[in-house]
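Presented below is the structure to which this report refers.
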Amino acid sequence: MASEQQLSAIKGAKVLMVGAGGIGCELLKTLALSGFKDIHIIDMDTIEVSNLNRQFLFRQSHVGQSKAKVAREAVLKFRPHISITPYHANVKDPDFNVDFFKQFNVVLNGLDNLDARRHVNRLCLAAGVPLVESGTTGFLGQVTVHVKGRSECYECQPKPAPKTYPVCTITSTPSKFVHCIVWAKDLLFVKLFGDKNQENDLNVRSSDASSSSQQVEDAFERGKDEDIEQYGRRVYDHVFGYNIELALSNEETWKNRNRPRPIYMKDVIPIELIHRNGNQVKSSVDGDSSSVSAMSSLGLKNPQDLWSLKENSTIFLEALKLFFLKREKEIGNLCFDKDDQLAVEFVTAAANIRASSFGIPLHSLFEAKGIAGNIVHAVATTNAIIAGLIVIEAIKVLQNDIKNYRMTYCLEHPTRKMLLMPVEPFEPNKSCYVCSETPLTLEINTNRSKLRDLVDKIVKSKLGMSLPLIMHGSDLLYEVGDDLDKDEVANYAANLEKVLSGLPPPVMGGTILTVEDLQQELKCSINIKHREEFDEEKEPDGMILSGWTQPPAVEKNGKTSIDNGESTSSASQATSLETEVDDDLQIIPVQTGKKRKFLDIASSDNLSVTKETKIKRKAEEIDGNKDFVMLDDENSENSKKKGEQ
């Protein structure tokens, strides 16, 4: 039962919720039932069928509608006298600036990607508004409290780096099924159904392009009057047969590796069966294109069945035919979508055929979809627990009950007989460039790296700035914004293509750059240190940022933790894998340990401080931003890794 003081704080509070998904639905319901009267919700997403199993405020009839608006309508049915203001928009829109955030007493995050959370964290710091963060994945969950000057901000602790693979691993020497998925989704699918003008690494790694360029080009171009069956066989034979044979011609590659086997259609499915399947396809393409399925056409029902090589090959041809027969208008503009059944079927089949060639165990469609979409299956009960904990912490924040703030972790297995593990918040990290304004150091070859490399790989990717401004003393090197005139835009665009030492004024060793994001009201200094050489394998970016720390990618239970990313190779496309989780989750295993104090609250009886024991935190982050980065490790100037979304 809430006290009068708590009820007073609740009723007078103006609360901002960011995110109306798995956590957001539970949170809005709990806020309304707890007595909150003025709630604002920001969410840019629309409702999808896959949301309905846990986002209980939504129904089938709501699919395609705004999450924020539908959530409001649903809650007002049982709490009609409260004020709920929805915004169907991106929290990074300029309308949601520091002044907008200042009107709220507390901000509650239920986001699903790192980029947006960084942005909200910085706006809360600039506005001086407390932030309650949250996240779930499966049975695991967390709620953390971030108060400027009192506790660490969201970015005080480093986030894991994306798991990366060189382009040659994806295209020529895969050893894991995930390599095959990335190849099928980001190379083959794009080559066949995506933007034809987009450069693609599908062929350049497994052959001498100069000797086979004509065949490579022709393999993916369907002739004007070419029969769809013939085209499908030709593509199949090229990617699973011809390209593998070319790869095998390089004996050096296979000295210490298992040699793959070329697979040709005639060896898997007799020609007469292909024609029979073709007749079946043509009779199955009537109706809504969204319901088109190669599995349905072939009578395969269980997505958890493991298909044979023959079944995968049949699905491959069937899916390709259905795209051309039923969805031809979309070809050239398609992107992989985990909710597109036909796309998932095609990618699963292609990945399994490639896996079969390289001696990698095959996977079911259910498993392949989870890898391709990086789906971490959510548990509605975890979301409900976390939502309740968010409200508990929000009430403490509203009462300024600093001594009782807690970061709480929901565990899958009991620790010290507890499934909910409360931990006192950590003090701000003095080396955090976001909340402590500590200068950063960048080691970079100023004679070879361009300003574009600095902007893309450091300022936007690692520092997470959306609208950056870069200054060298009083000289402005780079700026973005709608208020720039044409000459300024042209000047900054020209600067991007110049090496750092060729800029006016030149950026050399010893230069101090000031980098600022006016929207986030974040400013930091970067000390430039010139360095001639970098290890392409260990330092693929060709630059090292110090003061901004990021641990290596984590692997959980033998499975890679997945982040999205993109290659900065001139030939390589992004290998983004979206993550369907309710948040990027950071789990801190808690041992009997030292509880770090808030600043200026050393006298609290609730704070246990001992020198002998510690709380050790280990980040196991699941981001909604990035998964695999393909590194072009064959061209030294292009052998760079992109960081985060």
(request) Compute the label zone of residue 38 within the range 67-87: residues whose backbone N is under 11 Å from the point 7 Å along Cα-to-Cβ. (result) 83
(request) Return the whole-Å distance between the Cα centroid of the range 402-427 and the Cα centroid of the range 301-331. (result) 47
(request) Grab the beta carbon distance between residue 475 and residue 103, set R0 = 45 Å, and tell me the FRET efficiency rounded to 0.05. (result) 0.75
(message) What is the distance in Å between the Cα centroid of the range 30-45 and that of the range 499-550?
(response) 41
(request) Could you compute the FRET efficiency for residue 489 and residue 45, with r as their C-beta to C-beta distance and R0 at 35 Å, rounded to 0.05? (result) 0.65
(message) Whole-Hz ³J(HN,Hα) for each residue in the range 83-95, computed from phi via Karplus 6.51 cos²θ - 1.76 cosθ + 1.60 with θ = phi - 60°, x for glycine and proline: what do you get?
(response) 9, 10, 10, x, 10, 8, 7, 7, 4, 8, 4, x, 4
(request) Tally the DSSP beta bridges in the range 440-546 and give the antiparallel ones as a percent, rounded to 5. (result) 80
(request) Jot down the per residue volume, in cubic angstrom and as a whole number, of the convex hull over the alpha-carbon atoms of the range 440-546. (result) 93
(request) Hey, can you grab everything whose amide H is under 5 Å from the amide H of residue 17? Only 5+ residues off in sequence or another chain; H modelled, so Pro and N-termini drop out. (result) 40, 41, 42, 108
(request) For a quick protection proxy, order the peptides 248-259, 60-71, 296-307 by their average other-Cβ count within 10 Å, most packed first. (result) 60-71, 296-307, 248-259
(message) Compute, for the range 448-520, the length of the dipole vector about the Cα centre, with Cβ point charges of +1 (Lys, Arg) and -1 (Asp, Glu) only. Units Debye, rounded to 20.
(response) 540
(message) Taking 0.36 nm per residue of sequence separation and subtracting the Cα-Cα distance, how much length would be gained by fully extending the chain between residue 264 and residue 305, in nm to one decimal?
(response) 12.4 nm
(request) Quickly rank 481-487, 227-233, 109-115, 175-181 as a protection proxy: mean count of other C-beta atoms within 10 Å, highest first. (result) 109-115, 175-181, 227-233, 481-487
(request) Hey, can you grab everything whose amide H is under 5 Å from the amide H of residue 292? Only 5+ residues off in sequence or another chain; H modelled, so Pro and N-termini drop out. (result) none
(request) Show me 13-20, 90-97 ranked by packing, highest mean number of other Cβ atoms within 10 Å first. (result) 13-20, 90-97
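Computed from the coordinates by the stated procedures, all read-outs in this text should not be read as laboratory data. Since the model is a prediction, treat every value here as computed from it, not as a measurement. Reconstructed Cβ throughout: ideal geometry from the backbone, glycine too, with neighbour counts over all protein chains shown.
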